[in-house]
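Inspection log for the structure reproduced underneath, given as C-alpha cells.
Bear in mind these aren't lab numbers, they're just calculated from the coordinates by the rules spelled out. In this text the structure is predicted, and so the values were computed from the model without any measurement. Quick reminder, even Gly has a Cβ in these numbers, built from the backbone with ideal geometry, and neighbours come from all protein chains shown.
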Amino acid sequence: MNVGNQHYRSIWFDEQSSQVKIIDQRWLPHQFLVVDLDNLDAFVAAIGDMWVRGAPLIGATAAYGIYVQMIDNPSNKSLEQTCDLLLATRPTAVNLRWALGEMRTLLTPLPDHERAKAALARARQICEQDVECNRMIGVHGVELIKKIAATKSHGEAVNILTHCNAGWLATVDWGTATSPLYHAVQQNIDVHVYVDETRPRNQGAHLTAWELAQQDISHQLIVDNAGGHLMQHGAIDLVITGTDRTTGSGDVCNKIGTYLKALAAHDNNIPFYVALPSTTIDWTLSDGIAQIPIEERDPLEVTKVWRKLNDGEVAQVQICPDNTPVANPAFDVTPARLVTGLITERGVCDASTQGLAQLFPECAKD
Ligand code: MRU
C-alpha cells in the first residue's frame, strides 16, 4: 500500500543491499522508519518487541530470520535452535508456527551449502503467497460490503468497525480486514471506518488510522468502549476483524477486546466477520478458549502510553499510580457461534468445522 506516493510492503528483501528491510512499527504514526534486520538477535527482537506484528507478518519475518541465520550457520543444530528461538517470541499467532514449519520441512533434507539460497526463495514465496491471499480476501469480502451498499441510499456510506490493526502493516500487503475496504473504494463504494483505538498498545490509533489516512479512506478513531453504543444507535453496518489463530471449528482468537465487540454485534444483530488467510487456521484445535495459548505481555504496555506532546515531542507517560499491579492478556477468543462468517482467500464460509471443510477439504480433520 502507499505511504505518500510510494508503494511499500511491510517487509521486503532489498536486492541492492541484500538486506531484509522492515518498517519499524513502534514509531508510527509519528515517525516512518525503515530498518535492516541482519542477524538473528534482530529478528527475535523485531518479533518479540513488536517492531513488526500481526499474525501474517510475524510468520513472514520469521521465515526471513531463518534465511539470515542460514547464511551465518546452516547446520542442523542451528536450524533447530533458530526455529525454537523464533517460535518462542510470540505464542498466540499461529502463522509463526506455520512459517517455521514450512522452512524446517524445506531445509532439513538439503545439504548445508544449499540452505541459505533455498531459505531466501521460500521466505520470498511466503510473502508473495500472503499478498495474494490478502488480495483474494478483498475480492471475496467486498461482495459483503456491496450487498450492504445496495440497501443504502445514494451517497450513504457503509459503516464498518474494525479492531486492532489487521491492515497491510499486519500482513505483507493489503491487510486482511482492510482488504475488502480497499476493494470497495476501488469500486467506488463509499465506506466509513470506525477504528477502535485498541488498548493497550493502540494498534488502531497508531497504525490503522495512519494506514487509512494514507489511502484517503473516510474513518474516525473511537475509544474501545464506544463500539457498543454506536451499534445500538445504528451507526455500524458491519464488523470486520482479523485473527491471530482460528481453530478448525471456527473459534477466533484475536486482539484483546474482539470478543466484547462480537458480543455487542450479536446483541444488535450486526454481522461480525473475520478475515483471514488459511495460514491463520490451526487445524489441530477445536476449542479456542481451552486450547489457544494467550500471550501475557509486559505490564508497561498497560501502565504507560505514547503521547505526542504539544511541542511535537513524542514521549511515554504513566497513566496510573506507581507500582499498580497489572494483568495484560494480549488476545481473547470469540466463540464461533458469535462469528457470522470467515472471509478467506477461497471465499466466505460459516465459522464452523463444516464451513471450513467445504473451503479447505484437504486440511480439514476427518
Ligand atoms: O499483538 P498484535 O499487534 O500482533 O496483534 C495483531 C492482531 O491481533 C491482528 O488483528 C491479527 O494479527 C490479524 S492481522 C492480519
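So how tilted is helix 94-107 from the main axis of the chain? Cα-based, degrees 0 to 90, rounded to 10.
It is inclined by approximately 30 degrees.
Please report the antiparallel percentage of the DSSP beta bridges confined to the chain, to the nearest 5. Numbers along the way, then the final one.
Values: 25 of 44 bridges.
Of the beta bridges lying entirely in the chain, close to 55 percent run antiparallel.
Calculated from DSSP H runs of 4 or more alone, at -39500 (n - 2.57) each and per residue, what is the 222 nm mean residue ellipticity of the chain, nearest 500? Let's see the in-between values first.
Values: 12 runs with 136 residues, N = 366.
Helices in the chain give a 222 nm mean residue ellipticity of -11500 deg cm²/dmol.
Taking the number of other C-beta atoms within 10 Å as the exposure measure, put Lys308, Lys117 in order starting with the fewest. Numbers along the way, then the final one.
On the way: Lys308 11, Lys117 14.
Ranked by crowding around the Cβ, least crowded first: Lys308, Lys117.
May I ask you to evaluate 6.51 cos²θ - 1.76 cosθ + 1.60, the Karplus curve with θ = phi - 60°, for each residue of region 164-177 and list the ³J(HN,Hα) values in order in whole Hz, giving x for glycine and proline?
6, 10, 10, x, 5, 6, 8, 10, 7, 7, 6, x, 9, 4
Using modelled amide H (1.01 Å from N, peptide plane; none on Pro or chain starts), what sits under 5 Å from the amide H of Leu285, excluding residues fewer than 5 places away?
Hits under the 5 Å cutoff: Gly248.
Only counting other Cβ atoms within 10 Å, I'd like Asp267, Asp350 sorted with the fewest neighbours first.
Working: Asp267 12, Asp350 16.
Exposure proxy ranking, most exposed first: Asp267, Asp350.
Summing Lys, Arg as +1 and Asp, Glu as -1, what charge do residues with Cβ under 12 Å from the Cβ of Val52 carry, Val52 excluded?
Result for the local shell: +3.
Over the alpha carbons of the chain, what is the largest minus smallest coordinate on each principal axis, giving the biggest first in Å?
Extents along the principal axes, in whole Å: 63, 57, 44.
Run the numbers on region 139-359 and let me know its relative contact order in percent, using alpha-carbon pairs under 8 Å that are six or more apart. Spell out each step's value before the answer.
Working: 450 pairs, mean separation 45.2, N = 221.
Dividing the mean separation by the residue count of region 139-359 yields 20 percent.
What nm distance separates the two modelled labels at Arg346 and Ala88, each placed 7 Å from Cα along Cα→Cβ?
Result: 3.6 nm between the two label points.
Just for the Cα atoms in region 2-129, what are the lengths along the principal axes, largest first, rounded to whole Å?
Its Cα atoms span 44, 33, 25 Å along the three principal axes.
Using the number of other C-beta atoms within 10 angstrom as an exposure proxy, rank Phe43, Phe32 with the fewest first.
Working: Phe43 28, Phe32 15.
Going from least to most buried by this count: Phe32, Phe43.
Quick check: pseudo-label points 7 Å beyond the Cα along Cα→Cβ at Gln358 and Asn328, how many nm apart are they?
For Gln358 paired with Asn328, the spin-label model returns 4.2 nm.
Under the Karplus relation 6.51 cos²θ - 1.76 cosθ + 1.60, θ = phi - 60°, what is the ordered set of whole-Hz ³J(HN,Hα) values for region 15-25, x standing for Gly and Pro?
Whole-Hz 3J(HN,Hα) from phi for region 15-25: 4, 5, 9, 6, 10, 8, 10, 9, 8, 7, 6.
Go through region 194-204 residue by residue and turn each phi into a ³J(HN,Hα) via Karplus (6.51, -1.76, 1.60, θ = phi - 60°); whole Hz please, and just put x for glycine and proline.
Residue by residue, region 194-204 yields 8, 9, 5, 4, 6, 5, x, 8, 6, 4, x Hz.
Let me check I've understood the local charge: for Asp36, count other residues with C-beta under 10 angstrom from its C-beta, Lys and Arg +1, Asp and Glu -1. What total comes out? Show your work: numbers first, answer last.
Values: positive: Lys21; negative: Asp14, Asp38.
Local charge sum for Asp36: -1.
Determine the gain in length on full extension of the stretch Asp14-Asn225; use 0.36 nm per residue of separation and subtract their C-alpha separation, reporting nm with one decimal. Let's see the in-between values first.
Details: separation 211, 0.36 × 211 = 75.96 nm, distance 4.16 nm.
Going from the current span to full extension adds 71.8 nm.
What's the local net charge at Gln232, with K and R +1, D and E -1, over the other residues with C-beta under 14 Å away?
Values: positive: Lys261; negative: Asp237, Asp267.
With Lys, Arg at +1 and Asp, Glu at -1, the net is -1.
For the pair Asn76 and Lys152, how long in nm is the line joining their label points, each one 7 Å along Cα→Cβ?
Spacing of the two 7 Å Cα→Cβ label points: 5.9 nm.
Using DSSP to call loops (not H, G, I, E or B), can you name the GluC sites (Glu not before Pro) in region 301-361 whose Cβ has at most 13 other Cβ atoms within 10 angstrom? Walk me through the intermediate numbers first.
Details: sites: Glu301, Glu313, Glu345; in loops: Glu313, Glu345.
Those satisfying the criteria are Glu313.
Could you count how many Lys pairs in the chain have their Cα atoms under 27 Å apart, skipping same-chain pairs fewer than 8 positions apart?
13
If you average the alpha carbon positions of region 204-226 and of region 29-70, how far apart do those two centres end up, in angstrom?
First find each Cα centre; the distance between them is then 24 Å.
Given a Förster distance of 25 Å, report the FRET efficiency between His30 and Asn188 from their Cβ-Cβ distance, rounded to the nearest 0.05. Numbers along the way, then the final one.
Details: r = 32 Å, r/R0 = 1.30.
Once the sixth-power term is evaluated, E becomes 0.15.
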